[in-house]
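Scroll down for the structure; my scribbles are underneath it.
The values are calculated or read from the model by the stated rules, or taken from the named source; none is laboratory data. These numbers were taken from a predicted model, which means no experiment stands behind them. Glycine also receives a Cβ, built like all others from the backbone with ideal geometry; neighbour counts cover every protein chain displayed. Remember, those area values only see protein heavy atoms, side chains included, never the ligands or the DNA or RNA. Shrake-Rupley method; radii C 1.70, N 1.55, O 1.52, S 1.80 Å.
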Amino acid sequence: MDAKELFLRSEGDAHFRRNFNPNRVSCAKGTQFLSGFLDKNPELLQESEKKSVLEIGCDYGFNLMYLNQKFGLKCYGVEPSMEAVEFGRKNLLSKKITAVELVQGTSDYLPFEENSMDFVILGFFMYCVDRSYLLKTAAEADRVLKRGGFLVMEDFDVPISCKRGL
């Protein structure tokens, strides 16, 4: 079993359980950045077509719910934890939010059409991606992002420097 399969079968759900907080009051840094960017550039949302955002590493969709409610974006999320996806789907249903869709998956294969997303957020997960999947992750994010779209990468805004061991 490779690292991806192991993460999908166990660590994804274990990570969700360790970090679960249904009462979150603040969004992730990447979502805050995109929200501030859209606040300063409202013309990006003025076109007739509803804009779409994909968050990779979306947990239970908390950030996507925020973006949907604040900007009316059509939101999609990919998350390796099936427990997070199931919790998020129930939460969305209870709040009657229909413009947010969550799927279980990993960053190296995104089940979306080419050039289909206006915004792609790489949530804080790249440090977990096995090195053999890093370039595929970048290629997939690029594949689904529309020309002229915006990519937000959260992983690289760290409070302290760190180095990967051997």
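When Gly57, Gly148 are screened for being out of contact with any Ser or Thr (no Cβ under 6 Å at 6 or more places or on another chain) and over 25 Å from Gln46 (Cβ atoms), only Gly57 passes.
Taken together, the residues in segment 119-139 that are under 24 Å from Gly61 (Cβ atoms) and touching a helix residue (DSSP H, G or I) at 6+ places or on another chain (Cβ under 8 Å) amount to 11.
Of all the criteria given as (1) over 17 Å from Gly123 (Cβ atoms); (2) open to solvent by 40 Å² or more (accessible area, probe 1.4 Å), the one not satisfied by Leu92 is (2). Within the set of pairs 6+ apart or on separate chains, which have a first residue in segment 60-77 that is more than 16 Å from Gln46 (Cβ to Cβ), a second that is open to solvent by 40 Å² or more (accessible area, probe 1.4 Å) and not β-branched (Val, Ile, Thr), and C-beta atoms under 6 Å apart? Sorted first by the residue in segment 60-77, then by its partner, the pairs are Tyr60/Phe87; Phe62/Arg24; Tyr76/Glu101. Do any residues in segment 7-33 that are in contact (Cβ under 8 Å) with a residue 60 or more places away in the chain and farther than 18 Å from Met82 by Cβ have Cβ atoms under 9 Å from those of residues that are in a helix (DSSP H, G or I) and not polar (S, T, N, Q), where the two are at least six apart or on different chains, and which pairs are they? Hits for this filter: Ala28/Phe62; Thr31/Phe62; Thr31/Leu64; Thr31/Tyr66; Thr31/Leu67. Filtered by the rule that a residue be of a type in the set (Gly, Ala, Ser) and either modelled with pLDDT under 95 or part of a helix (DSSP H, G or I) (or both), segment 44-56 gives a lone residue, Ser48.
Yes/no per residue for (1) small (Gly, Ala, Ser); (2) surrounded by 21 or more Cβ atoms within 10 Å (Cβ to Cβ); (3) under 13 Å from Cys27 (Cβ atoms):
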position	(1), (2), (3)
Glu49	no, no, no
Glu55	no, yes, yes
Asp59	no, yes, yes
Leu64	no, yes, yes
Phe71	no, no, yes
Lys74	no, no, no
Ala84	yes, yes, no
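Among all residues of segment 16-26, there is at least one that is among the hydrophobic types (A, V, I, L, M, F, W, C), buried (at least 19 other Cβ atoms within 10 Å of the Cβ) and more than 24 Å from Ser116 (Cα to Cα). Applying the criterion of being of a type outside the set (A, V, I, L, M), in contact with a Ser or Thr (Cβ under 8 Å, 6 or more places away or on another chain) and within 26 Å of Glu43 (Cβ to Cβ) to the residues of segment 101-145, the residue that is most open to solvent (accessible area, probe 1.4 Å) is Ser116. Of the residues contained in segment 27-41, none is found to be open to solvent by less than 30 Å² (accessible area, probe 1.4 Å) and in contact with a Leu (Cβ under 6 Å, 6 or more places away or on another chain). Considering (1) open to solvent by 50 Å² or more (accessible area, probe 1.4 Å); (2) under 17 Å from Leu151 (Cα atoms); (3) of a type outside the set (S, T, N, Q), the lone condition that Glu5 does not fulfil carries the number (2). Meeting the requirement of 2 or more residues that are touching a helix residue (DSSP H, G or I) at 6+ places or on another chain (Cβ under 8 Å) and of a type in the set (Lys, Arg), no helices (runs of 4 or more DSSP H) wholly within segment 1-43 can be named.
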